[in-house]
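Engineer: The structure's right below; bear with me while I get my questions together.
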Amino acid sequence: MSEEINRHRRIFFGAAAATITAAQFGIVGSASAQTAASKPASSPGRTGGNTSFTSIKQIDAGLLNIGYAETGPADGPVAILLHGWPYDIHSFVDVAPILAAAGYRVIVPHLRGHGSTRFLSDSTVRNAQQSAVALDIIALMDALKIQKASIAGFDWGARTACILAVLWPERCKSLVSVSGYLMTNLEAGKKPLPPKAEFDWWYQYYFTTERGQAGYTQYRREFGKLIWETASPKWKFDDATFERSAASFDNPDYVAIVMHNYRWRLSLAPGEARYDELEKRLAPAPAIGVPTITLEGDANGAPFLDPSKYRNKFTGKYAHRTLQGGIGHNLPQEAPEAFAQAVIDVDRF
């Protein structure tokens, strides 16, 4: 999940804490969001009409051999869909066919540490800092000879999509980001929050301990299901739907990547010098100029900012949509039609 306009995955703190977080990240402004509630989205009880992707392709890209699903015409405009934590590519199992039917070539990669994606070298640092994950997607685009794509994501994927739009706008035709402008600022992250907000981020602190790492290694499925239930309280997914994604957590680097992601955000694990310049460019929370639609669910159990708090971070053509109907944090899987429509609509801006 992703809350921060610079911080770490946030789970479930309310509007008051979100306001404090906005101030901390320096994105509170007087600009009002042009927020429109969408028509009712998919029922939160649905599990989708597609059970899986038909096949997973593999390609060497940068530091990784990336596993990805692909569908749609090979010569169509490209849409790259980026998943979050603790989820996988199946968050888009119902989105991809809609976009393919609309003529898109759809690419859905497993992020590093997930599914069939593997590091090419055993000696590579299992690093999950934000710029490293974003560079993976640029490497994938280069490997697939994709010059420009529509980028859409949620949670870790939304943060990655925002970073791509900031650092490589020439590679991003458009952006769809669930929960708005997401960027981690390490300096802001060092400042303590009120007790309620810290309590709601309990898992981050659990992950900083050896006990937390051992516990997550042993109970990654139970942990993932708890997050799913809390972040999407009205989504009645079944066991088969969860297990389909949970299989991606068996990646040999999964725990190491999750641990580093959260420890790095708290400045308790180092990044790598090779990414220092990119992180310096991200630290001021630069504005995004590519055409953007931001989305939010009306039943998101993870804390999120009011759209007005990040409206001034989008300087290009922009719209925000709040989806009604009990839609939680895993928005593309809970409301695939609305997510796909946002990808299509923003390309017409």
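Engineer: Please tell me the relative contact order of the chain in percent, rounded to the nearest whole number, where contacts are Cα pairs under 8 Å and at least six residues apart.
Structural biologist: 31 percent
Engineer: Separation between the Thr315 and Lys191 pseudo-spin-labels, each 7 Å from Cα along Cα→Cβ, expressed in nm?
Structural biologist: 2.3 nm
Engineer: Using a Förster radius of 41 Å, what is the FRET efficiency between Leu120 and Tyr206 based on their Cβ-Cβ separation? Nearest 0.05, please.
Structural biologist: Working from the Cβ atoms, E equals 0.85.
Engineer: OK, next. First compute the accessible area of region 217-335 with a 1.4 Å probe, then give the percent of it belonging to carbon and sulfur atoms.
Structural biologist: After summing per-atom areas, the C and S share lands at 53 percent.
Engineer: Right, next: Tell me the relative contact order for region 158-280 as a rounded percent, counting alpha carbon contacts under 8 Å between residues six or more apart.
Structural biologist: In percent, rounded to a whole number, it is 27.
Engineer: I would also like to ask the following. For region 243-349, state which trypsin sites (Lys or Arg not before Pro) are in a DSSP loop and have at most 13 other beta carbons lying within 10 Å of their beta carbon.
Structural biologist: Arg348
Engineer: OK, next. Under 5 Å between amide H atoms, partner at least 5 residues away or on a different chain: which partners does Leu82 have, H built in plane at 1.01 Å?
Structural biologist: Ala152, Gly153, Phe154
Engineer: A further question follows. Using a Förster distance of 41 angstrom, determine the FRET efficiency expected from the C-beta separation of Tyr219 and Ile146, and round it to 0.05.
Structural biologist: After rounding, the FRET efficiency stands at 0.60.
Engineer: Tell me which label goes with the value of Kirkwood radius over Cα pairs in Å computed from the coordinates here: [x] 21.3; [y] 19.7; [z] 20.7.
Structural biologist: Recomputing Kirkwood radius over Cα pairs in Å here gives the entry labelled [y].
Engineer: Along the Cα→Cβ direction, 7 angstrom out, place labels at Ala269 and Ser55. What is the inter-label distance in nm?
Structural biologist: 3.5 nm
Engineer: With a 1.4 Å probe and all protein chains left in place, how much accessible area per residue does the chain have, in Å²?
Structural biologist: Value for the chain: 36 Å² per residue.
Engineer: Quick query: amide H of Ile288 versus all other amide H atoms, modeled in the peptide plane; which residues come in under 5 Å with a sequence gap of 5 or more or a different chain?
Structural biologist: Phe314, Thr315
Engineer: List the aspartates and glutamates whose Cα sits under 18 Å from the Cα of Lys191, skipping any in the same chain fewer than 8 residues away.
Structural biologist: Result set, ordered by chain and number: Glu3, Glu4, Asp200.
The values are calculated or read from the model by the stated rules, or taken from the named source; none is laboratory data. Fair warning: this is a prediction, and the values are worked out from it, not measured in the lab. We place every Cβ from the backbone using ideal geometry, glycine too, and count neighbours over all the protein chains shown. Calculation scope for accessible area: heavy atoms of the full protein, side chains included, ligands and nucleic acids excluded. Shrake-Rupley method; radii C 1.70, N 1.55, O 1.52, S 1.80 Å.
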